[in-house]
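Q: My questions will all concern the structure given below.
The values are calculated or read from the model by the stated rules, or taken from the named source; none is laboratory data. All of these numbers come straight from a predicted model, not from anything done at the bench. Because the Cβ atoms are built from the backbone with ideal geometry, glycine has one as well, and the counts that use them run over all protein chains shown. With ligands, DNA and RNA removed, areas are computed over all heavy atoms of the protein, side chains included. Shrake-Rupley method; radii C 1.70, N 1.55, O 1.52, S 1.80 Å.
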Amino acid sequence: MKQINLSKTLLLLALLLINTMVRAAESNAGTIQGRVTTTDDKPAAFVTVSITGLNKANRTDDDGAYSLHNIKPGTYTLKVSFIGLATQTKTVEVLPGKTLFVDFKLAETSATLNEVTINARKTINSTKLSLNKAGISPLDMPQSGGVVSSQVLQDQQVNRLGDAVRNVSGVTLTQTRGGVGETFTARGYSIGIGGGAGSIFKNGVLVNTAGFPEASTLESVEILKGSSALLYGNVSGGLIINMVTKKPKFENGGVVSMRAGSFNEFKPTVDVYGPLSNNVAYRAVATYENDGSYRSHVKTERFYANPSVLYNLGKNTTLTVEGDFLRSNLTPDWGVGSLNNGQAIPTMVARDQFINTAWAYSHMNQYTGSLTLDHHLNEDWKLNFITSAQGTHIDSYGSTQPSTVNLNGDWNRTLARANTHEGDYTVQSNLTGKFTTGSISHQLLVGMDAAEVDNVSYAYTINGLPIASYAYDKINTINLSQYAQRTDIPDAIAATRTAAPVYRAGTYVQDLISLTAKFKVLAGLRWSTQHTSQTNIDSIQKNKSITGAAGTRNDQAFSPKVALIYQPITTTSIYVDYSNNFMVNSGTDVNTRQGLAPSLVDQYEAGIKNELFDGKLSANVSIYRIVNSNLAVLSPYGYDGVTPNTDATLKKFSGQTTSDGLEIDLTGHLTNNLYFITGYAYNHAYFSNTTGLKGSNLEGEPLVINPSHTANASLFYTIDKGKLRGVKLGASSFYTGFRYAGYNNTVQQAQAYNRLLPVGGFATLDLSAGYTYKKLSLLSSITNVTNTMNYLVHDNYSVTPIPPTQFVTTLAYKF
């Protein structure tokens, strides 16, 4: 395993520490700390505590705590305020070098405050992400991210995870093979749907998102962009996503709704919650969905249930037990394919044209259970423990991917049958706390996590031959009536069973060090290990086991992170950050003749975060560079260094990719009834070096499925006065720029043609209108108003037309 040289990083950190400590805060300054609670003794989060006449303000954290530093001695008026709540004030006297403790109790209950918080539509700089594990405030987090709130999920009538994440700058929806799930890309790196990919989480734990996760149970969607390896290990260098589910409440209530829309969409949902006793509360969400599609032959039928229970085990301890079940039956959809082995998009075909077999199917059953224990040791220290288990079984059958379609559209279809089971088992524990060493304060995180991902898959034969060798029929993807299509379903027999378990574990420590109120350092280090066991193949037909080609391997890596944060005023944060992540490789190293070590990817990021107009507006800008300087590429020669290599698994670390980018986010809730979300991102991800590789001409080639430009904008306004009181109007627009589908070219590739498939950019516009009267609400939307035609790209030679103009409406009753 290649060792990481941290000497330069540590030297830089030491210089920064010396420089900032020299400029330490005034020795005679005082501090005000305290806690804000509600009348039922619950913490009041996101409440602003400020000093009248001074540019000093702080928002309470999840525990209701606040702190104001570097205050000159004197008498001041301390003010507590929040949109929609009555302001409270107290007169306080600050003494030299002393800490003054001042608590506030709001007149509202926690339930009332929660409603006000939702109505206030918090911006990205006033909403903590549970993804950071340490409870660090957004302005103290030296990393770009975003959150899609429950209000946005509701107003946009979000039905899929992809509908939600497009509200975060730079995040792009792609699509997996067969159209039975979603993948996402940011900063030049993508994430897949399997638990083994390790970049999509639910309530902080690893999950498999095949079959599309259900959005009706989501309270919010959190995203961290860039490297998050310090906290999560082997994850994408582009982004990680966390789905936060709705939690039990200690007040009775709920919502029943009915959604209906174009192409026979039909989706009733029930969400109920309430107390079972003084210390036990529950929540249950259930929904049924039955959809057609703008794509011919494509249908969806789903059932989902999500029960959860919250136990108050004491004043300082809570236990949440949650389970869910998803049954998702989908039609696999290859889109419209491509022509001439991926050289052109068949733009002449209809938007609804379906090229899979008429009987193709994909059935999925998924079970998930989790347990979360939170224990407050005291006001400063908290212990968190999470464990979960998930089982995902997929049974699908249809044609193989359309990667060999001729220029005239002729395609000799073969078949693919899949029967897989993935088991994901995770555990993590985090200790967070705040303490001081002299005049320096710390916000510490110490944790560990472990995961086991068990993959079991079956291979099939037809008439005694491997299924991929079976010639099913011939069709023309341009003119489906040119050849007669078969409609029978060949009998596929399971031949082998393959088991491929993967084990991941890591330990990490992170500290946010406040040298002064203006200068802070965040530093951390993680050690990760990943064990991939020898693949085991059982021959079902011959009743014997054989050893798979993939042998047992162990990978380890250190993942450091160091950042300097400067906050000239309490509402502005400027940061520079270095971190890295690692990517596990497959294949054999031509130099060591051993399995390839992981590739270490360096990331550099700088940004500025602003919270303006008393938290009503957030404005963030970040720039980054991500460099994979030891990219594993196909070795041009064999072990002797002379013979041309014909083994696709024989590789060497002689490549480099670079991803440069800019991201801008501007969000706000200017009034109680008006909010907006806007974002823009530029990304240039490309091969930056393939020196020494014979026949290489990859320098400058863009990486596939990465648009150079993306943008998003949404605006929602609710009329709260006059005869139109309760009317809601909204508009959302999303832009995805030019990008490439297909595959990147390779060194000494056998193909004589360019494997990149260009796809143009496009923009869509959605409009919505609704009305709420007391507990009844109606919201309707028209999506893709201009009926724009473009494509979602797959990770192979196929594209799927985006949806045309569609209508959807939701009728809901809240009780």
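Q: What is the helix-to-structure angle for 110-120, meaning the angle in degrees between its Cα long axis and the longest Cα principal axis of the chain, kept from 0 to 90 and rounded to the nearest 10?
A: So the helix axis and the longest Cα principal axis differ by about 70 degrees.
Q: Could you work out the local net charge near THR570, counting Lys and Arg as +1, Asp and Glu as -1, over the other residues with Cβ closer than 13 Å to its Cβ?
A: With Lys, Arg at +1 and Asp, Glu at -1, the net is +2.
Q: Ok, one more. Peptides 142-149, 572-579, 429-436: what's the order by average Cβ count within 10 Å, highest mean first?
A: Answer by packing, highest mean first, reads 142-149, 572-579, 429-436.
Q: Hey, could you grab the Kirkwood Rh for region 441-480? Inverse mean 1/r over distinct alpha carbon pairs, Å, one decimal. Walk me through the numbers before you get to the answer.
A: On the way: mean 1/r = 0.0609 Å⁻¹.
It works out to 16.4 Å.
Q: Here's a follow-up. How long is the gain from GLN485 to HIS684 if the chain were fully straight, where each residue apart is worth 0.36 nm and the alpha carbon distance is subtracted?
A: Between GLN485 and HIS684, full extension yields 67.3 nm more.
Q: With a cut-off of 8 Å between alpha carbons and a minimum separation of six or more residues, what is the relative contact order of region 362-411 in percent? List each step's numbers first, then the result.
A: Numbers: 55 pairs, mean separation 19.3, N = 50.
Averaging sequence separation for qualifying contacts and normalising by length gives 39 percent for region 362-411.
Q: Can you tell me the relative contact order of the chain? Whole percent, Cα pairs under 8 Å, sequence separation 6 or more.
A: Working: 2302 pairs, mean separation 85.3, N = 815.
Reported as a whole number, the value is 10 percent.
Q: So what's the angle, to the nearest 10 degrees on a 0 to 90 scale, between helix 7-22 and the longest Cα principal axis of the chain?
A: So the inclination is approximately 20 degrees.
Q: Mind pulling the per residue volume of the convex hull built on the Cα atoms of region 635-757? Å³ is fine.
A: 129 Å³
Q: With r defined as the distance between the Cβ atoms of ALA344 and THR75 and R0 fixed at 60 Å, what FRET efficiency is calculated, to the nearest 0.05?
A: 0.20
Q: What number comes out for accessible area per residue over region 237-396 if the probe is 1.4 Å? Units Å², please. If you can, show how the numbers build up before the last one.
A: Values: 6570 Å² over 160 residues.
For region 237-396, the per-residue accessible area is 41 Å².
Q: Mind jotting down a quarter of the surface of the convex hull over the alpha carbons of region 364-468, in square nanometres, one decimal?
A: Hull-based average projected area comes out at 12.6 nm².
Q: Taking 0.36 nm per intervening residue step and subtracting the Cα-Cα distance, what contour gain separates VAL642 from ALA505 on full extension? Before the final figure, lay out the partial values.
A: Working: separation 137, 0.36 × 137 = 49.32 nm, distance 4.03 nm.
Gain in length upon complete extension: 45.3 nm.
Q: How long is region 226-329 along each principal axis, judged by its Cα atoms, biggest number first, in Å?
A: On the principal axes, region 226-329 reaches 56, 40, 18 Å in Cα extent.
Q: Right, here's the next one. What's the center-to-center distance, using Cα atoms, between region 438-489 and region 328-396 in Å?
A: 10 Å
Q: How many Å³ per residue does the convex hull of the Cα positions in region 182-245 occupy?
A: Each residue corresponds to 70 Å³ of Cα convex hull volume.
Q: Could I ask something else about it? Using the beta-carbon distance between GLU379 and LEU674 and R0 = 35 Å, what value does 1/(1 + (r/R0)^6) give for FRET efficiency, to the nearest 0.05?
A: For GLU379 and LEU674, the calculated efficiency is 0.45.
Q: Shifting gears a bit: Throw me the Rg/Rh for region 145-231, computed over C-alpha atoms with Kirkwood Rh, two decimals.
A: On the way: Rg = 12.3 Å, Rh = 13.3 Å.
Rg/Rh: 0.92.
Q: Given region 270-333 reduced to its alpha-carbon atoms as identical point scatterers, what log10 I(q)/I(0) does the Debye formula return at q = 0.18, 0.21, 0.22, 0.27 Å⁻¹?
A: Taken in order of the listed q values, log10 I(q)/I(0) reads -0.71, -0.84, -0.88, -1.07.
Q: Then there is this: Using just the alpha carbons, could you tell me how many Å³ per residue the convex hull of region 419-506 encloses?
A: For region 419-506, the hull spanned by Cα atoms encloses 186 Å³ per residue.
Q: Consider just the alpha-carbon atoms of region 265-375 and return their Rg together with their Dmax, both in angstrom.
A: 21.7, 67
Q: Within the set LYS247/LYS814; LYS315/LYS382; LYS561/LYS616; LYS202/LYS775; LYS56/LYS520; LYS72/LYS616, which residue pairs have Cα atoms separated by over 20 Å?
A: Cα-Cα > 20 Å for LYS561/LYS616; LYS202/LYS775; LYS72/LYS616; rest within.
Q: Would you calculate a helix-derived [θ] at 222 nm for the chain, using -39,500 (n - 2.57) for each DSSP H run of n ≥ 4 and dividing by the full residue count, to the nearest 500?
A: Working: 5 runs with 42 residues, N = 815.
For the chain, the value works out to -1500 deg cm²/dmol.
Q: Once label points are set 7 Å from the Cα along Cα→Cβ at both LYS814 and GLN749, what is their separation, rounded to one decimal in nm?
A: Spacing of the two 7 Å Cα→Cβ label points: 5.3 nm.
Q: Pull up all non-local amide H partners of ASN745: gap of 5 or more, or a different chain, and H-to-H distance under 5 Å with H placed in the peptide plane.
A: Hits under the 5 Å cutoff: ARG755.
Q: Same structure, new question: Calculate, axis by axis, the spread of Cα positions in the chain along the three principal axes, and write the results as whole Å, longest axis first.
A: 87, 68, 48
Q: For the chain, what % of the accessible area comes from carbon and sulfur atoms, probe 1.4 Å?
A: 58 percent
Q: I would also like to ask the following. Calculate, in nm to one decimal, what VAL270 and LYS474 gain on full extension: separation in residues at 0.36 nm each, minus their alpha carbon distance. Spell out each step's value before the answer.
A: Details: separation 204, 0.36 × 204 = 73.44 nm, distance 4.63 nm.
That works out to 68.8 nm of additional length.
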